[in-house]
Each structure stands twice: as C-alpha cells, then as structure tokens.
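The values are calculated or read from the model by the stated rules, or taken from the named source; none is laboratory data. Here the structure is a predicted model, which is why all the values come from computation and not from measurement. We place every Cβ from the backbone using ideal geometry, glycine too, and count neighbours over all the protein chains shown.
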Amino acid sequence: MPFSLPIDVRFSDVDALGHVNHAMFIVYLEHARTRWWAGYLDGRPFSEEGFYIAHVEMDYRKPIHLGDAVQVEVRCVHVGNTSFTLAYRVTRGGDRVVLAEGQTVQVMVDLATGRPRPIRPQTQAWLQSQV
C-alpha cells in the first residue's frame, strides 16, 4: 500500500496561466517523500540516513488548479546497494484522476564526505518491505 499525503494547493503555486506551475509538482513530491521518510526515521534526525536526489522525472497528465484536492502517493519500486527508486502518483482527491506520475532516485551518502555509501541493512529491509 503506497503512502499518501494530501497537498494543499496554495495561491503562490499557481502561475500566470491559472494552473499549478510544473516546478511545484516536484515540490509536492518532495513534501510526500519527506513525510514518508520521516515515518521511517520515527523521530531520528534526517542526518542519520542522509541521501541525495540523483534523478527526477515527471510526466504531466492534467493541470492542477487552485482549490483542487490533491493527493501524492509514494511507493518504493527498487532497492539497490547504495540507492533506491521511488514512484509517485499525483491524483485529484475526489475522483482519483491521475494528474502526474514521477520517479526519483535517492543515493545514500556519507554526509561527511558526500560520497555514496551502502544502504544500512535495517534500512534496506524496511525499503524492501515497501516495494
């Protein structure tokens, strides 16, 4: 079951064309990913399990407008040795119409060196349980 986060569309998210700017979709993914990861960390600091975003892709299906009830679903689709891939689905709350779909690749890093590091066994087990 994917993690789901409701998103409040703010006036500042909307561009001159009257719909949510494409860049804000990436921010919505970030909000959902951060909340999902915080659930795993369970109060531990983010620095204990730090990662960088190595890749982002987004396919836009339909526009989002001010007042739309939006949900972002997150699920893990791949776990490697140093990285994991998340898939996202952005839907309109009421009718579940797909507004966008995306993926991100997260690379675990040693925050002191900035170099990739292996995913810790307990983290890898949790990520695998999310696939």
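Data table
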{"quantity": "Looking only at segment 102-122, and only at residues there that are more than 17 Å from the chain's Cα centre (by Cα) and either of a type in the set (S, T, Y) or assigned to a strand (DSSP E or B) (or both), the one that is nearest to F3 (Cα to Cα)", "calculated": "V109"}
{"quantity": "Selection count, segment 58-81, where residues are surrounded by fewer than 16 Cβ atoms within 10 Å (Cβ to Cβ), farther than 21 Å from V131 by Cβ and over 18 Å from the mean Cα position of the chain (by Cα)", "calculated": "5"}
{"quantity": "The one condition in (1) under 14 Å from the mean Cα position of the chain (by Cα); (2) in a helix (DSSP H, G or I); (3) within 19 Å of T82 (Cα to Cα) that Y28 fails to fulfil", "calculated": "(3)"}
{"quantity": "Whichever residue in segment 85-101 is charged (D, E, K, R) and assigned to a loop (DSSP other than H, G, I, E, B) and, among such residues, is farthest from L5 (Cα to Cα)", "calculated": "D95"}
{"quantity": "Selection count where residues are touching a Leu at 6+ places or on another chain (Cβ under 6 Å) and modelled with pLDDT of 95 or more, scope segment 37-56", "calculated": "0"}
{"quantity": "Among (1) within 10 Å of the chain's Cα centre (by Cα); (2) within 30 Å of G114 (Cβ to Cβ) - the single one R89 does not satisfy", "calculated": "(2)"}
{"quantity": "Test result for E30, more than 20 Å from V131 (Cβ to Cβ) and loosely packed, with under 12 Cβ neighbours inside 10 Å", "calculated": "no"}
{"quantity": "Hits in segment 1-27 - residues which are closer than 16 Å to G93 by Cα and either surrounded by 14 or more Cβ atoms within 10 Å (Cβ to Cβ) or among the aliphatic types (A, V, I, L, M) (or both)", "calculated": "P2, F3, S4, L5, I7, V9, V20, F25"}
{"quantity": "Test: residue in segment 82-94 that is exposed (fewer than 15 other Cβ atoms within 10 Å of the Cβ) and modelled with pLDDT of 95 or more", "calculated": "no"}
{"quantity": "Residues of segment 43-70 satisfying the condition of being part of a strand (DSSP E or B) and of a type in the set (F, W, Y)", "calculated": "F51, Y52, Y60"}
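Table: residues versus (1) in contact (Cβ under 8 Å) with a residue 12 or more places away in the chain; (2) of a type in the set (S, T, N, Q); (3) more than 15 Å from R33 (Cα to Cα).
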residue	(1), (2), (3)
I64	yes, no, yes
A69	yes, no, yes
E73	yes, no, no
M108	yes, no, no
L111	yes, no, yes
R115	no, no, yes
P118	yes, no, yes
P121	no, no, yes
Q128	yes, yes, yes
